[in-house]
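Read through the structure below, which is laid out as structure tokens, and then see the notes.
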Amino acid sequence: MATTLSVLQEELASVDSELQAVELQVQELLERQQELLKKKTVLAKKIKQFSDTESGSSKNTESAAESWNKEDFPWSTKVRDMLQSNFKLPRFRPLQLETINVTMAGKDVFLVMPTGGGKSLCYQLPAVCSGGFTLVICPLISLMEDQLMMLEQLEVSATLLNASSSKEHVKWVHAEMLSHSSQLKLIYVTPEKIAKSKMFMSKLEKAYQAGRLSRIAVDEVHCCSQWGHDFRPDYKLLGILKRQFPNASLIGLTATATSHVLCDAQKILCVQKCITFTASFNRPNLYYEVREKPSTAQDFIEDIVKLINRRYKGLSGIIYCFSQKDAEQVTMSLQKLGIKAGTYHANMEPKDKSKVHKHWSANEIQVVVATVAFGMGIDKPDVRFVIHHSMSKSMENYYQESGRAGRDDQKADCILYYGFGDIFRISTMVVMENVGQQKLYDMVSYCHSMSRICVCRCRRVLIAHHFDEAWDSANCNKMCDNCCREESFENMNVTGHCQDLIKILKQVDHMKEKFTPLKLTDAWLGKGLSKLGVRDVVAPKLPREVLERIIAHLILQQYLKEDFSFTAFATISYVKIGPRADLLKNKGHVINMQVITRKNSIAKVRSPQLSSPESLIRKKMEVTCKKQQNERKRTHSKNPTQAKKSKTAINEEESELMIIED
């Protein structure tokens, strides 16, 4: 009887175990079902758009572009003349003519065009060719000042109004708005001016009634939507403009907006019907690269200085930092090492920001070290490099910020330094934002597609996927680090690593403690494991940066998750067990990552200043001499440590020679 009971209990346990495995499989299948349903919806929408195009029932971008890509309108001759005489441009860029024709016809239009594609011309040129003035709403003072400097050189009358404007200047602008003899063509304001200045709205209303307000341009229109990456509350109040001034055409411009964001922005701005033009995201002259951030601040600065002095000697650039403190510290460090650099952030005095901006524009300083306050619309054409000291908080931000480079269509570099700690530093800042954390994780996924671990994919494919655009990596033309690599890959099973991390976190939770990502990594490496009482977890024999990437990968895949604690002074990110951890109860469940198998492989990074054969030969001679010197040091040195350093230097120089020869 006892034997029979024991057998039945074993069978019951077996059935329970199998049921648990089936439940986990069902959970995985349900998740896959949701992914496929989303994909199906997107594909069905695209098929409908194509069908509508063929039947003529929808004016999409292509058909609308064909209708407006003409120069037989009443204003066409004047527009062409002003383009060449005032703006000194020989021809239009893609979608500029179409957008200008739509707004000149008095219709509302939205334009999505890459940074550097020439969006500002689409309202500046019509402003010059129209009577009255164009009201331009911009989110940043730096953007306004940049455009005003350019317009002043072109002898186009324009001005801005902000909180620091003098009473005399405000009075003069108000008078010009109503004067029929005024030559003022563009008035730049922030959205806060519209939202908070009753006096300005009163003057706008009188100008509209007098036929002086010809159009409204809303730059960086994605800021309207809470789903946009740079949501600004006062942008939500701009719908008053179209309600109060319905006959003034509106033009909304952005470099980064999904279709969902555009629809949301149109509703907020009270635009009933509008034509939308969308250009390709691709900037073929930009080289995208992601680098591992050095572990110490000193090594990091030295790495950046080497880049500037070697690859970008005498060339103009921007370094974006996450915080104002970072920007100031990096600037001081660069200045000490002989780099002409200036700081730019939101809390500086307006005159100091203008000074840095003007000196950089005039090439009196080489590098602006800035926060995102120095950003949207900066139109210096010869920026040869944009370096990100820390990753951006979203792909949209990164695309815009990196897009400051190469506006003259010449080759330029966009280099992003990725560090594990940056994930959690930024996540504590965006946790309160709508979908802020998911946008950050999309950025982390972009960074993980790099040299040592995870799948290497063309950077342009990753960017295109984010902006719902199809892209063939063959068209990259080796203009990103991943397309220049020649490594081979194999799967790395990280299931055991994940199980060890979960054991550590369970024990930490049992002890009613919390682990930050740093503490978790330290514990995994064996520091304090005995105190925790997790005896069956062995510290892995892998470099710390690989372990950090595994933790980040498991967070992205939801086997682990971030948990936030709010104090009076800070938000702290802790690591907890994630919702997908239960899948590991199924013994057949495997978590894989891809790693590079060929060692000492390097990406053949393009160097803009080494373009002539003479400079390449000179550089090769310098490196060869260094190699010979280090070889002699190694041969004659009796000190093993010194000999080892010399050998390392020789290997680095051989790698550098490989790059030059390629």
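Rounded to the nearest Hz, the phi-derived 3J(HN,Hα) couplings of segment 334-339 under the Karplus curve 6.51 cos²θ - 1.76 cosθ + 1.60 (θ = phi - 60°) are 5, 4, 5, 9, x, 8, where x marks glycine and proline.
Think of segment 61-278 as a dipole: +1 on every Lys or Arg Cβ, -1 on every Asp or Glu Cβ, centred on the Cα centre; then among 245, 275, 69, 245 lies furthest on the positive end. Peptides 164-176, 193-205 ranked from most to least packed give 193-205, 164-176, packing being the mean of other C-beta atoms within 10 angstrom over each peptide's residues.
The residue list 341, 389, 449 was ranked by how far each Cα lies along the charge dipole of segment 286-491 toward its positive end, using unit charges on Cβ atoms, and 341 comes out on top. About its Cα centre, segment 408-451 has a charge dipole of approximately 220 debye under the convention of +1 per Lys or Arg Cβ and -1 per Asp or Glu Cβ, with nothing else charged. Packing, taken as the mean count of other beta carbons within 10 Å per residue, orders the peptides 296-302, 341-347 from highest to lowest as 341-347, 296-302. Cross-link pairs exceeding 28 Å in C-alpha to C-alpha distance, out of 88/393; 306/519; 306/478; 78/198, comprise 88/393; 306/519; 78/198.
Taking the Cα centre of segment 61-278 as reference, the dipole from Cβ charges on Lys and Arg (+1) and Asp and Glu (-1) amounts to some 600 debye.
Residues 382, 264, 472, ranked from the fewest to the most other C-beta atoms within 10 Å, line up as 472, 382, 264. Does segment 424-569 come out rounded, prolate or oblate by the C-alpha gyration tensor, with a ≥ b ≥ c the root eigenvalues, rounded set by a/c under 1.5 and, if not, prolate when a/b is larger than b/c and oblate if not? Oblate is the answer for segment 424-569, as a/c is 1.5 or above yet b/c matches or exceeds a/b.
Placing unit charges on each Cβ (+1 for Lys and Arg, -1 for Asp and Glu) gives segment 286-491 a dipole about its Cα centre, and among 354, 324, 295 the Cα reaching farthest toward its positive end belongs to 354.
Pairs over the 21 Å Cα-Cα cut-off, from the set 119/185; 325/561; 203/242; 514/587; 503/561: 325/561; 514/587.
Each peptide in 576-588, 512-524, 111-123 gets a packing score, the mean of other Cβ atoms within 10 Å over its residues, and the list from highest to lowest is 111-123, 512-524, 576-588.
Any read-out appearing in this document is the output of simple, stated calculations on the displayed coordinates, not a laboratory observation. All values derive from a computational prediction rather than experimental measurement. Backbone-built Cβ (ideal geometry, glycine too); neighbour counts: all protein chains shown.
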